[in-house]
Amino acid sequence: MTSTAQAKAPDPRGSGAAAPALVVTGLGKRYGGVQAVDGISLELAAGERMGVIGPNGAGKTTLFKMIAGDVAPTTGTIELFGRDVTHMSTAPRARLGVGRTFQVSNLFRDMSVLDNVRVAARGGSSKARAFWRTQGMTDDVTRESILMLDSLGLTGRRDDTVADLSHGEKRQLEIAMALVSHPSILLLDEPAAGLSAAERATLRQLIEELPRTLPILLIEHDMTLALGLTDRVMCMENGRHVVTGTPDEVREHPTVKEIYLGRRDKK
Ligand SMILES: Nc1ncnc2c1ncn2[C@@H]1O[C@H](COP(=O)(O)OP(=O)(O)OP(=O)(O)O)[C@@H](O)[C@H]1O
């Protein structure tokens with residue numbers, strides 16, 4: 001377990017192992033007088049699942065946005081698969097293999113579930129939507145999209161419009177859209193936010209069943225979910241690193257207990 005700002009991935013394979021999927025070094029973001037993220041470092045090994053937890057305002061979303069390329073850091077660097085992407089925008093990061101979800105829904109509400117996945121399969125964005133409407137989809141894209149919906153249990157919803165989906169189904173669809181381009185790393189931004197207990201259970205199973213070779217960074221306010229789904233967890237508070245360790249180590253850490261349960265063990 002490490003309580004410093006370093007959160008290096010363990011290297012069970014010894015020398016010759018694949019480069020880490022993600023290396024974040026001394027990352028910081030200042031918004032005017034607010035230091036939203038303050039000197040965060042972490043490493044995500046190939047095939048590793050890491051959670052980032054912390055209370056409201058801890059800086060989780062800002063960290064996520066910097067890694068995804070939505071927000072430029074004030075300090076520090078980000079490497080993906082050994083390549084410095086600190087100043088790279090979202091589109092080239094996606095081409096490097098970043099799949100991600102959004103905290104605020106990025107779905108096309110008036111389009112069908114299948115069409116949303118088809119747009120994502122073609123690297124869709126809002127601009128691509130207009131383009132898509134004038135272009136035919138290839139059979140391959142359609143086939144791939146249908147397979148993805150099947151694997152995430154959304155087959156029965158294929159032809160429904162997004163507006164008709166439950167909140168939980170929308171989060172499932174967002175994951176389908178992130179996965180359809182076969183990402184090399186998956187960034188999940190609070191996927192359980194706003195879900196009922198039953199929807200959380202479905203989402204948890206869905207994430208559990210993703211290929212173990214896919215590295216996942218899961219930003220999640222819900223500690224139970226984050227600790228249940230990941231190999232290692234980093235806890236942040238007020239933009240700073242608190243602790244990184246296995247789920248058990250983090251669960252038992254006095255500061256984490258204090259943050260989440262409002263108590264610190266008297267020892
Ligand atoms: N665009 C912005 N402009 C100014 N301040 C911001 C901005 N985005 C975030 N902040 C501030 O940065 C701090 C960290 O916010 P952030 O949203 O990253 O935390 P969080 O851990 O994701 O919280 P939550 O769980 O509530 O989403 C907060 O004090 C927030 O008010």
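Quick notes on this structure:
- Per residue of the chain, the DSSP helices (runs of n ≥ 4 H) give a summed -39500 (n - 2.57) that works out to -9500 deg cm²/dmol at 222 nm.
- Debye, to nearest 20: dipole size of the chain, +1 on Lys, Arg Cβ, -1 on Asp, Glu Cβ: 540
- Computed about its Cα centre, the charge dipole of region 217-256 is approximately 120 debye, with only Lys, Arg, Asp and Glu carrying charge at their Cβ.
- Whole-Hz ³J(HN,Hα) from phi, Karplus 6.51 cos²θ - 1.76 cosθ + 1.60, for region 158-164, glycine and proline x: 3, 9, 6, 7, 4, 4, 8
- Computed lengthening from ASP110 to THR74, 0.36 nm per intervening residue step minus Cα-Cα distance: 9.2 nm
- Among the lysines of the chain, pairs that are 8 or more positions apart or on different chains and have alpha carbons within less than 19 Å of each other number 6.
- Sequence-separation-based contact order of the chain, relative, with Cα cut under 8 Å and 6+ spacing, percent: 28
- Counting Lys and Arg as +1 and Asp and Glu as -1 over every other residue whose Cβ lies under 12 Å from the Cβ of VAL85, the net charge comes to +1.
- Under 5 Å, built H, 5+ apart or other chain: amide partners of ALA46: ALA21
- Translational diffusion coefficient of the chain (Stokes-Einstein, Kirkwood radius from Cα pairs, 25 °C, 0.890 mPa s): 128 µm²/s.
- Coupling constants for region 210-224 follow from the phi torsions by the Karplus curve (6.51 cos²θ - 1.76 cosθ + 1.60, θ = phi - 60°), and in residue order they are 5, x, 5, 6, 7, x, 10, 10, 10, 8, 8, 6, 6, 5, 4 Hz; glycine and proline get x.
- Ligands, DNA and RNA left out, the accessible area of the chain computed with a 1.4 Å probe is 51% carbon and sulfur.
The values are calculated or read from the model by the stated rules, or taken from the named source; none is laboratory data. Here the structure is a predicted model, which is why all the values come from computation and not from measurement. With ideal geometry, Cβ positions are generated from the backbone for all residues, glycine too; neighbour counts draw on all protein chains shown. What goes into the accessible areas is simple: the full protein's heavy atoms, side chains included, and nothing from ligands, DNA or RNA. Shrake-Rupley method; radii C 1.70, N 1.55, O 1.52, S 1.80 Å.
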